[in-house]
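Heads up, the thing below is written out as structure tokens.
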Amino acid sequence: RRLSTEVELSSRVRRVNAHHVADDHAPPALRARPNQFDGSRVSPDHWSDRSWEPGALRAAQARHVMASWGTGVAAAALPLMVRAEGVFLYDAAGKQYLDWTSQAVCSNLGHTVPAAVKEAVVSQLNHLPYVYSGMGITEVRCRLAQLMAEILPGDLSGLLFPCGGAEANEVAIRLARRFTGRQKILTHYRSYHGGTATSLAATGDFRRWFGEAGATGIVHVLSPLPYLFQWGEDKQTATRVALAALEEQIVAEGPHTIAALMLESIVGSGGVLVHPPGYIEGVRALCDKYGILYIADEVMVGFGRTGKLWGFQHYDGVVPDIVTSAKGLSGAYLPLACVAVSEQMRAWFDSHPLGWGATYHAHPVALACAYEVVKHMLHEELVANAKSLEETMINHLQALVDVHPCVRQARAIGLFGCLDLVDNRGHLLQRLDAPLCPEADVLKKAMMREGLIGLFRPPHLHCAPPLVITRDELVDGFGRLDRALTSLDEMLGH
């Protein structure tokens, strides 16, 4: 009977469209690899009081340290920094570098930490180093939130404290979608909003290509200052036509589908671009007309960089519904950002789940740092210092434009400036998304020789030193840049 059953089953299996019978395959053999902790691999140097020799550090870098944005090969040439003071950094060989862009436009107070900031951080570590923001409220969280509400205009009264600018913009987009029940977010092509998933998709420049796949609901619009054409021969015409095009796009997308329009108050890494007169005012009016929230991305320009406390204050009567900022909030001493929302939004979320959270949101030690940084900025009148040095910035930038054929034009507002570099034909030195060209590499090395370090994203060369810089230090920096640009002129045959 057993034999006949097996024969019957075999005949059934061998028929077309027969019932599926799975093959009995053994799983692949696992290649054995060590996966348990081996204490003998841990170097005793980690417990030594002695500093590691530069050679050992470079070896560790080569084997284990990964670069951000660029390649590891490019990062291998970066200087090995060992200390910093004021507006200067020093490498392992003792070479001095003037911090020409406050690192990533964030070290606003320079590299000498105010005593009150250090004392606040140590005190917070001693008394209450960490509380998860969903399980307890800390004193410093309440104090910093109130201070922020007091220095923000209008009714921007609700505060959150993520860890960085990209996360702050992620939060802002989440809140706008939750509050409105809509999905779409409009942003400029000529913009940068951060390196995380949604904020990178919201970014307009080429960096969004690294991460926009899979992100939905982001709609890009052309700014009033595009790269390859002009909306009009004068600023007034450009504003009028760009706003008309924006309204056309809002109508075409469907206002009822748009949660918010998010713009950098002053375009930062895209070239220090101040929007033409009336444009941001017109954007605010369009948002009001169609019931769309306006998000001001102040991650780079907030906290005094442009000679006003907030970048949007350069546009008469404009108060956003949501403001994001970071960098200058803590002087980059500890990671922290902020998101401020209108009183209407704050009250709405009192009875609706926020829908966002993070382990290190409102970290008390970072808050203690930021609280003292903001107070120091206000007490030392660093916003006024940025404004007072604007004329020096403009005059020295103009001198570079006048003297160096490789400089087409420059812009500056407060202590925020940028040069546009060109080749020997008068064309931009390279596209933003292109690999570093030989000419740009020559300038980059010349700047390092001159002891000038900062953001250089060809064809744009930024000038954004710490807000504590003195006039003499600023002039020194321009002297170093002048000599470096001479090297580029010589390579271009000027």
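Take L378 and tell me if it is open to solvent by less than 10 Å² (accessible area, probe 1.4 Å) and under 20 Å from E150 (Cα atoms). Judged against the criteria, L378 is not a match.
Could you list, in sequence order, all residues of segment 206-228 that are closer than 30 Å to L421 by Cβ and surrounded by fewer than 17 Cβ atoms within 10 Å (Cβ to Cβ)? Matches in segment 206-228: F206, W209, F210, G211, P226, Y227, L228.
Apart from one condition, M135 fits all of (1) at pLDDT below 95; (2) open to solvent by 50 Å² or more (accessible area, probe 1.4 Å); (3) in a loop (DSSP other than H, G, I, E, B); the exception is (1). Pairing each residue of segment 480-494 that is of a type in the set (A, V, I, L, M) with any residue that is outside any helix (DSSP H, G or I) and open to solvent by 50 Å² or more (accessible area, probe 1.4 Å), provided the two are 6+ apart or on different chains, yields C-beta distances under 7 Å for A484/E450; L492/N424.
Residues of segment 54-89 that are within 22 Å of T112 (Cα to Cα) and open to solvent by less than 50 Å² (accessible area, probe 1.4 Å): P79, L80, A84, G86, V87, F88, L89. Set side by side, the residues V339, V267, V272 differ, and just one is open to solvent by less than 10 Å² (accessible area, probe 1.4 Å) and touching a Ser or Thr at 6+ places or on another chain (Cβ under 6 Å), which is V339.
Within the set A252, A242, the sole residue that is open to solvent by 10 Å² or more (accessible area, probe 1.4 Å) and within 22 Å of I280 (Cβ to Cβ) turns out to be A252.
Looking at the structure I just gave you, is T101 buried (at least 17 other Cβ atoms within 10 Å of the Cβ) and either modelled with pLDDT under 95 or under 30 Å from A386 (Cβ atoms) (or both)? Walk me through it before giving the result.
Details: buried (at least 17 other Cβ atoms within 10 Å of the Cβ): yes; either modelled with pLDDT under 95 or under 30 Å from A386 (Cβ atoms) (or both): yes.
For T101, the condition - buried (at least 17 other Cβ atoms within 10 Å of the Cβ) and either modelled with pLDDT under 95 or under 30 Å from A386 (Cβ atoms) (or both) - is met.
All of A259, A215, A238 fail the test of being over 21 Å from G311 (Cβ atoms), of a type in the set (A, V, I, L, M, F, W, C) and out of contact with any strand residue (DSSP E or B) (no Cβ under 9 Å at 6 or more places or on another chain), apart from A215. A residue that is open to solvent by less than 10 Å² (accessible area, probe 1.4 Å), touching a residue at least 24 places away in the same chain (Cβ under 8 Å), in contact with a His (Cβ under 9 Å, 6 or more places away or on another chain) and under 29 Å from V131 (Cα atoms) cannot be found anywhere in segment 302-309.
Among the strands (runs of 3 or more DSSP E) confined to segment 66-132, the ones with at least 1 residues that are touching a residue at least 40 places away in the same chain (Cβ under 8 Å) are located at 88-91, 96-99. In this structure, is L125 at pLDDT below 95 and either open to solvent by 60 Å² or more (accessible area, probe 1.4 Å) or under 26 Å from the mean Cα position of the chain (by Cα) (or both)? For L125, the condition - at pLDDT below 95 and either open to solvent by 60 Å² or more (accessible area, probe 1.4 Å) or under 26 Å from the mean Cα position of the chain (by Cα) (or both) - is not met.
When every residue of segment 82-99 is checked against the conditions, at least one turns out to be under 23 Å from the mean Cα position of the chain (by Cα), of a type outside the set (F, W, Y) and under 30 Å from Y315 (Cα atoms). Going by what's in this entry, would R177 be described as among the charged types (D, E, K, R) and under 22 Å from the mean Cα position of the chain (by Cα)? Judged against the criteria, R177 is a match.
Of the residues making up segment 357-392, those that are among the small types (G, A, S) and farther than 21 Å from V140 by Cβ are A384, A386, S388. Please go through segment 277-329 and give me each residue that is part of a loop (DSSP other than H, G, I, E, B) and of a type in the set (S, T, N, Q), ordered by number. Within segment 277-329, just T306 meets the criteria. So which residues in segment 83-109 are more than 16 Å from Y333 (Cα to Cα) and aliphatic (A, V, I, L, M)? Listed by number, the residues that qualify are A92, A93, L98.
For F229, the criteria (1) among the hydrophobic types (A, V, I, L, M, F, W, C); (2) assigned to a loop (DSSP other than H, G, I, E, B); (3) at pLDDT 95 or above hold in every case but one, which is (3).
With a requirement of 3 or more residues that are among the β-branched types (V, I, T), the helices (runs of 4 or more DSSP H) lying completely within segment 348-456 that satisfy it span 364-379, 390-403.
Restricting segment 392-446 to residues that are open to solvent by 50 Å² or more (accessible area, probe 1.4 Å) and of a type in the set (V, I, T), the residue that is nearest to V299 (Cα to Cα) is I394. Could you figure out which of (1) over 30 Å from Y290 (Cα atoms); (2) of a type in the set (A, V, I, L, M, F, W, C); (3) part of a helix (DSSP H, G or I); (4) open to solvent by less than 50 Å² (accessible area, probe 1.4 Å) isn't true of C163? Every listed condition holds for C163 apart from (3). Are any residues in segment 232-270 within 27 Å of the chain's Cα centre (by Cα), at pLDDT below 95 and farther than 25 Å from M300 by Cβ, and if so, which ones? Hits for segment 232-270: nothing passes.
Considering (1) touching a Lys or Arg at 6+ places or on another chain (Cβ under 9 Å); (2) crowded, with 22+ Cβ neighbours inside 10 Å, the lone condition that V319 does not fulfil carries the number (2). Close Cβ contacts (under 9 Å, 6 or more residues apart or on different chains) running from residues in segment 19-47 that are at positive phi to residues that are in a loop (DSSP other than H, G, I, E, B) are absent. If I go through segment 180-196 residue by residue, how many of them are on the phi < 0 side of the Ramachandran plot, open to solvent by 10 Å² or more (accessible area, probe 1.4 Å) and either of a type in the set (K, R) or more than 13 Å from the chain's Cα centre (by Cα) (or both)? Total meeting the criteria: 6.
The values are calculated or read from the model by the stated rules, or taken from the named source; none is laboratory data. Predicted model, so just to flag it, every value in this text is computed and none were measured. For neighbour counting, all protein chains shown are included, and Cβ atoms are generated from backbone atoms with ideal geometry for every residue, glycine included. For accessibility, only protein heavy atoms count, side chains too; no ligands or nucleic acids. Shrake-Rupley method; radii C 1.70, N 1.55, O 1.52, S 1.80 Å.
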